[in-house]
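Working notes for the structure below.
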Amino acid sequence: MVRWTAHNTEEPLYDKLWQPVTLGDVKLEHRLVMAPMTRNRSTPEGIPTALNATYYAQRAANAALIITEGTQPSADGQGYLKTPGLHTQAQVDGWRQVTDAVHDAGGKIFIQLMHVGRVGHPANTPHGRTPVAPSAVRAAATIVTPTGPAELPTPRALSTAEVAKVVDEFRQAAALAMAAGADGVEIHGANSYLIHQFLAPNTNLRTDEYGGSIENRARFAYDVAEAVAAEIGAGRTGIRLAPGNPFNDISEPEPKPLYEHLVGRLAGLGLAYLHVVHVGNEETVSAMRAAWPHPMLVNRPRTDLQSRLADLDTGLADAISVGALHLANPDLATRLRSGAQLNTPDPTTFYGGDSHGYTDYPAL
């Protein structure tokens, strides 16, 4: 349940929300960002469609920045059905439809690059291969396949040489995102997917330079960010992290030392922003803020408006990201500014389907 309580846009907490902010090379008119949300409405080949372009364009004039749904940088990076990719020319052409539509509507768009790692199933991919991961540790979770829910399989551990190849896949996908007209990319290092799997001690049992110590477990995330920033520019590169998020069987009992170290290293790259999914680890997130001298976005899932705005007021966040309410309210900023009633998100239409629950939410 998403809570967005009754509000008065004259209250002081709103003052900073409507102020401009600059993320790297990108200037935003205000600080209300559309968070990335998987919607499972691309083609089976991972090609964005005209319907996807309409969905994002509807929200372009209101969201200060759109961060797209997770987009696989390779065929091995796909986990869910009908998620978009960025590793073929047809996918680039599909994304060009989306970015052109967003820009024509006056918006800005970063494409999120997401390799799911072990959170995949052979039945959901074009090649039918076993998912890859830092280590051969199965997630105690299920995934939807063409024949219904199935247990996640045990993944295949990447070799050290293959890890370098995956880093390069992120780099190539970032280049293709720019070729498709994106304003930048966000590296998905959160919410149980491949980069997060390298960070978490229960999913990374490696004994090479990518496993064991905090420094080694943080290496893959840093290598990806470094490669992407070198390819498209640090000012067009963001990264998302979720310290302590237990989704899909991730366990991080002591996240603070690792994330403090990782953020300190990433800070030297001068990235456009750090995007933190805040699941209640106040001490860890505060330590990340202290180690991060650049703009920081904070997403507090399932919390009320006042809690999110308070992050702007205290300086924890330079902008806030909001997911489901952007999904249900294509004109969210307009509604908040006017005090209008908000549409209620329909969870039954979040994942997959047609235009219903996707492009048919009414604007004022």
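Listed peptides 270-276, 345-351, 309-315 appear in the order 270-276, 309-315, 345-351 once ranked by packing, highest mean of other Cβ atoms within 10 Å at the front. Summarising the strand pairing of the chain, around 20 percent of its internal DSSP beta bridges are antiparallel.
Over the chain, the Kirkwood radius and the radius of gyration, each from Cα atoms, give a ratio Rg/Rh of 0.94. Note on Ala161/His103: beta-carbon distance plugged into 1/(1 + (r/R0)^6) with R0 of 25 Å gives a FRET efficiency of 0.05.
Amide H contacts of Glu186 (H built 1.01 Å from N, in plane; Pro and chain starts excluded): Ile111, Gln112, Leu113, Gly238 sit under 5 Å, all sequence-distant by 5 or more or on other chains. Taking every alpha-carbon pair under 8 Å whose residues sit at least 6 apart, the range 149-284 reaches a relative contact order of 26 percent. A dipole drawn for the chain from +1 and -1 charges on Cβ atoms has a positive end, and of Gly212, Gly264, Pro149 the residue lying farthest that way is Pro149. Per-peptide packing, taken as the mean over residues of other Cβ atoms within 10 Å, places 143-155, 92-104 in the sequence 92-104, 143-155 from highest down.
As a calculated quantity, the FRET efficiency between Ser338 and Thr43 at R0 = 45 Å, using C-beta atoms, amounts to about 0.75.
Label-to-label distance for Asp168 and Asp15 is 5.3 nm, based on points extended 7 Å past Cα in the beta-carbon direction.
Once the C-beta distance of Phe247 and Leu205 is scaled by a Förster radius of 22 Å, the resulting FRET efficiency is 0.65 to the nearest 0.05. Secondary-structure-derived ellipticity at 222 nm for the chain, considering helices only, amounts to -9500 deg cm²/dmol, per-run term -39500 (n - 2.57) for DSSP H runs with n ≥ 4. Centre-to-centre separation between the Cα atoms of the range 150-200 and those of the range 297-311: 27 Å. For Lys16, the lysines whose Cα comes closer than 28 Å to its Cα, not counting residues fewer than 8 places off in the same chain, are Lys27, Lys108. When only Cα pairs below 8 angstrom with a gap of at least 6 residues are kept, the chain shows a relative contact order of 19 percent.
Based on the Kirkwood radius over alpha-carbon pairs, what is the Stokes-Einstein translational diffusion coefficient of the range 286-364 at 25 °C with 0.890 mPa s viscosity, in µm²/s? Rounded, D is 171 µm²/s. Close amide H pairs (under 5 Å, H built 1.01 Å from N) link Val132 with Arg156, residues at least 5 positions away or on another chain. Under 16 Å from the 7 Å Cα→Cβ point of His127, by amide nitrogen: which residues of the range 19-46? What the label zone holds, given the 16 Å backbone N cut-off, is 45-46.
Readers should treat all values here as calculations from the given coordinates under stated rules, not as data from a laboratory. Since we're looking at a predicted model, the values are computed, not measured. Cβ coordinates were reconstructed from backbone atoms using ideal geometry, including for glycine residues, and neighbour counts include every protein chain displayed.
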